[in-house]
Amino acid sequence: MTVVKEFILLAFPNLHHFRLLLFVLVLLMYSTCVFGNITIIFLVTWYTSLHTPMYLFISTFAILEIIFVSVMVPKFLHILISGKHKISFVGCFTQQFLGNTMGIVECYLLAVMAFDRDLAINSPFNYISIMSKLKTKLTLCPWIVGFAFAAILTIFTARLKFCGRNKLDHFFCDLTPLQNLACSGTFVSRAVTNSVAIIAVLFPFIMIIGLYLHIIVTVSKIKSADGKHKAFSTCSSHLIVASLFFGTAIIVYVRPNGTQYDKFLALIYTIVTPLFNPFIYTLRNRDVKTVLFKTFDKLNFMQKTLRNKS
């Protein structure tokens, strides 16, 4: 048997004639996503008014998104512009490990952010004292869980025998396409994958639903309309981001077998959703918009000063 030393990422062969257009669109989305998330990190770091647990989680989420898209998108862009679809065996499993790590971290970080909002609304007087003790642990735990689960998935998939077929019907190395190419039994690997998917995706999703039900019950007891609006406005951005990510992730991963449409859904959670997240957190967040306008005012003042001196 010939041992597979490299894989072929087929990407989107039906869109071959639109390859350059797709390259430009993906590059534009990738650049915008990275720039937007860097902006959020800068604002949270620079302005002391944003040095709160909620914005610590938001800036951590921004870092995560930059890493996540950088694991997936550059190789896809290289395929589109060069037409070279090959990826080495080690490179493929490295991408798969990092991609799964970032995906699982995102699931649990979204759950942590939901807990943060629930605590802020239901225990506002104890919020600062509790979160000052927990914020570091809550920031690190998703990363530990993500690396641990991704390592398990990678080990069980890499132990399969790949001895012939090497064409992946995807634009990055993902679990199901890789398992479909194995020439050895995949029952154990698929069982582990499905089990981890349930723990890594469904469990934090159920946590988020439970926390938001608790928030809704609490907010419904607020008598003033302004109070209800203020309480919901602090949660709306996170709820939109969580819905976009979990909606596609559950369809793709929490199923026994993949379909030909998985790679199209993967485009949503690997490129489209990370693109929207910076805008959701800035355009729908009053505090972020305030410091963003302050930054623009400072930049305009600096430009005028330089012009006057010149």
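The values are calculated or read from the model by the stated rules, or taken from the named source; none is laboratory data. Model, not experiment: these values are computed from the prediction. Ideal geometry is used to build each Cβ from the backbone, glycine not excepted, and the neighbour counts take in all protein chains shown. Calculation scope for accessible area: heavy atoms of the full protein, side chains included, ligands and nucleic acids excluded. Shrake-Rupley method; radii C 1.70, N 1.55, O 1.52, S 1.80 Å.
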*Any residue in segment 127-143 that is closer than 30 Å to L77 by Cα and touching a residue at least 24 places away in the same chain (Cβ under 8 Å)?*
yes
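Among the residues that make up segment 212-223, is at least one of them aliphatic (A, V, I, L, M), within 25 Å of R117 (Cβ to Cβ), in a helix (DSSP H, G or I) and touching a residue at least 60 places away in the same chain (Cβ under 8 Å)?
Our first condition is that a residue be aliphatic (A, V, I, L, M); within segment 212-223, this holds for 213, 215-217, 219, 222.
If we keep only those that are within 25 Å of R117 (Cβ to Cβ) too, we end up with 213, 215-217, 219, 222.
Now drop any that are not in a helix (DSSP H, G or I), which leaves 213, 215-217, 219.
Pick out the ones that are also touching a residue at least 60 places away in the same chain (Cβ under 8 Å) and you get 215, 219.
Yes; the residues of segment 212-223 include at least one that is aliphatic (A, V, I, L, M), within 25 Å of R117 (Cβ to Cβ), in a helix (DSSP H, G or I) and touching a residue at least 60 places away in the same chain (Cβ under 8 Å).
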*Go over the candidates I41, I67 one by one and state the one that is open to solvent by 50 Å² or more (accessible area, probe 1.4 Å), within 17 Å of the chain's Cα centre (by Cα) and within 21 Å of G103 (Cβ to Cβ).*
I67
*asked:* Checking the condition closer than 19 Å to L153 by Cα and either of a type outside the set (F, W, Y) or modelled with pLDDT under 95 (or both), which residue from L98, L64 passes?
replied: L98
*asked:* I'd like the full set of residues that are open to solvent by less than 10 Å² (accessible area, probe 1.4 Å) and either over 21 Å from I250 (Cβ atoms) or of a type in the set (D, E, K, R) (or both), limited to segment 90-142.
replied: C92, E106, D116, M131
